[in-house]
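A short worksheet on the structure shown next.
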Amino acid sequence: MAPQLRTILVLASIIGNPGTIHAASSEDAWSLWTARDTASTEQVDHSGWQGFLDDYLVVENEGVNRVKYLAAGQGEGRRVLQTYLSHLTSIDPRRLNPDEQFAYWVNLYNALTVKVVLKNPDKKSIRRMGEGLFSFGPWDDKLITIAGHEVTLNDIEHRILRPIWRDPRIHFAVNCASIGCPNLLPEAFRADKLQRLLDHAQLAYINHPRGVDIQAEKLVLSSIFDWYQSDFATDPKGLQSYLAQFHENPSALLAKPPASIRYEYDWTLNSFAPR
């Protein structure tokens, strides 16, 4: 196939299913970051990120948390965020214990995502915020240098968090600045509260319609469960069983045949607009 035609077909595929660009990175662990010091008692200070969340995250009654990006970009938020990210770049996460590492990478991912949005105040979706001419989102952009190595959002999610920890709750911890995504939590992740926050994030998303919506004729699931089904189960029926463990109406969820499942995702920016 001619290179030009191949490029056209690939771009058409991405446009038709924009989630693929977010899910396409290698799931092989980046061996550089598998090192850890299980005996380490070092604690990373995430107070800078917590301060940003306290000032600019709005917890909405309808279950979708939103960020005051405009206020953050015009006020102290940008400086606070950059100071926090600079603090993280001064740390080599390989010298941390596994729980401290996990909190480090999740908070780094979420803070970097917010930074991307602040750099693109005129864009309505993160899919429009990539640096390359044909990019569909910032996930493969080299956004930060950790221990001398350039790191992308896809590196953090698909080459570090997912393959090293192999915990499906990771998908409820990282936020892609979109309405369809699990919430950016009002608490910064810390080693001493990892399990509580991960469990809370999972329950909240699975019991919100953008995560699992049991309709009369079909079961509508977030596209996250399509893109990353193998992280939860081997097939759609197994996925339903996984979700039923945490859903408030498991019998109704399990009653839907796998053939009725439809996947949806809302890429609208999770920005806060005062009413």
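Evaluate E = 1/(1 + (r/R0)^6) for residue 32 and residue 87, where r is the Cβ-Cβ distance and R0 equals 35 Å; express this FRET efficiency to the nearest 0.05.
That pair, residue 32 with residue 87, gives E of 0.95.
Could you compute the FRET efficiency for residue 149 and residue 245, with r as their C-beta to C-beta distance and R0 at 30 Å, rounded to 0.05?
It comes to 0.20.
Specify, per residue and in Å³, the volume enclosed by the convex hull of the alpha carbon atoms belonging to segment 212-264.
Dividing the Cα hull volume of segment 212-264 by its residue count gives 67 Å³.
Run the numbers for residue 234 and residue 192: contour at 0.36 nm per residue of separation, minus the present Cα-Cα distance, in nm.
12.0 nm
So the label point goes 7 Å from the Cα of residue 215 along Cα→C-beta, right? Which residues of segment 235-275 then have their backbone N under 13 Å from it?
260-265
So for the pair residue 179, residue 45, with labels modelled 7 Å out along Cα→Cβ, what separation do we get in nm?
Label at residue 179, label at residue 45, 3.9 nm between them.
Using modelled backbone amide H atoms (1.01 Å from N, in-plane), which distant-in-sequence or interchain residues come within less than 5 Å of residue 67's amide H?
For residue 67, whose amide H was placed from the backbone, the distant partners under 5 Å are 58, 271, 272.
What helices does the chain have that are whole DSSP H segments, at least 24 Å long along their own axis by Cα, and with mean Kyte-Doolittle hydropathy of 0.0 or more?
The answer, listed by residue number, is 98-118.
Which shape class, rounded, prolate or oblate, goes with segment 11-191 when its Cα gyration tensor gives a ≥ b ≥ c as root eigenvalues, a/c under 1.5 marks rounded, and past that a/b bigger than b/c marks prolate?
Oblate, because a/c is 1.5 or more while a/b does not exceed b/c.
Read phi for every residue in segment 182-193 and hand back ³J(HN,Hα) as whole Hz from Karplus 6.51 cos²θ - 1.76 cosθ + 1.60, θ = phi - 60°, with x for Gly and Pro.
x, 4, 6, 6, x, 10, 5, 5, 9, 4, 7, 9
Please check: in the Gaussian network model of the chain (C-alpha springs, under 10 Å), which one of 103, 29, 39 has the largest mean-square fluctuation.
Largest GNM mean-square fluctuation: 39.
With +1 on the Cβ of every Lys and Arg and -1 on the Cβ of every Asp and Glu, and nothing else charged, how large is the dipole of the chain about its Cα centre, in debye rounded to the nearest 20?
Around 560 debye, computed over the chain.
We did not get these values from a lab; they are worked out from the coordinates using the rules stated. Nothing here was measured: the structure is a model prediction, and the numbers come from that model. Ideal geometry is used to build each Cβ from the backbone, glycine not excepted, and the neighbour counts take in all protein chains shown.
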